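Down below is the structure, laid out as structure tokens.
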Amino acid sequence: MSLSQKVEERLSATTLIWLTTVTEDLIPQPSLVWFWWDGDSFLIYSQPGMPKLANIEVHPDVALNLDAMARGEEEVTVINGTASVDRDAPSVVNHPEYREKYRSLMEDDLGTSVEQFSETYSVPIRVRPGRVRAW
């Protein structure tokens, strides 16, 4: 799948993306998450037992959304894809790019170490994009 240069730049620069899963009752459930885009798929780490994990198990089709800025300076981006728990993905502590991207947020904003974050957010979710809409 090919993304525009502008979308690629946003994915590299932004730290938050909305992951929308669907409950068993077909109710959309958005969650604001941290992510790593490797050019092919998204890697998101979750705490065990979170509703998004149960939702993905039942309905693996998800959407990822990048917000527009308050005055619309950035384009809205919606990425539809398929999510699954990826037991082969590295943990946060063993993922140097993710660690580097979020280290200051972990330490300064959350007051936790990379190691503690890795233990808490121990379930890797892989999202493979299928369709992208941006405007």
Residue that is nearest to the chain's Cα centre (by Cα) [pool: residues in the stretch 79-92 that are open to solvent by less than 10 Å² (accessible area, probe 1.4 Å) and of a type in the set (Val, Ile, Thr)]:
ILE79
I'm trying to understand the selection: among the residues of the stretch 6-15, which are of a type outside the set (Gly, Ala, Ser), touching a residue at least 24 places away in the same chain (Cβ under 8 Å) and open to solvent by 70 Å² or more (accessible area, probe 1.4 Å)?
LYS6
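Does LYS101 qualify as being open to solvent by less than 80 Å² (accessible area, probe 1.4 Å), closer than 17 Å to ALA13 by Cβ and basic (Lys, Arg)?
Working: open to solvent by less than 80 Å² (accessible area, probe 1.4 Å): yes; closer than 17 Å to ALA13 by Cβ: yes; basic (Lys, Arg): yes.
It is true that LYS101 is open to solvent by less than 80 Å² (accessible area, probe 1.4 Å), closer than 17 Å to ALA13 by Cβ and basic (Lys, Arg).
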Residue in the stretch 40-74 that is farthest from THR14 (Cα to Cα), counting only those that are surrounded by 12 or more Cβ atoms within 10 Å (Cβ to Cβ), modelled with pLDDT under 95 and hydrophobic (A, V, I, L, M, F, W, C):
ALA68
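The values are calculated or read from the model by the stated rules, or taken from the named source; none is laboratory data. If you're wondering where the values come from, they're calculated on a predicted model, not measured in any experiment. We place every Cβ from the backbone using ideal geometry, glycine too, and count neighbours over all the protein chains shown. SASA here: full protein model, heavy atoms, side chains in, ligands and nucleic acids out. Shrake-Rupley method; radii C 1.70, N 1.55, O 1.52, S 1.80 Å.
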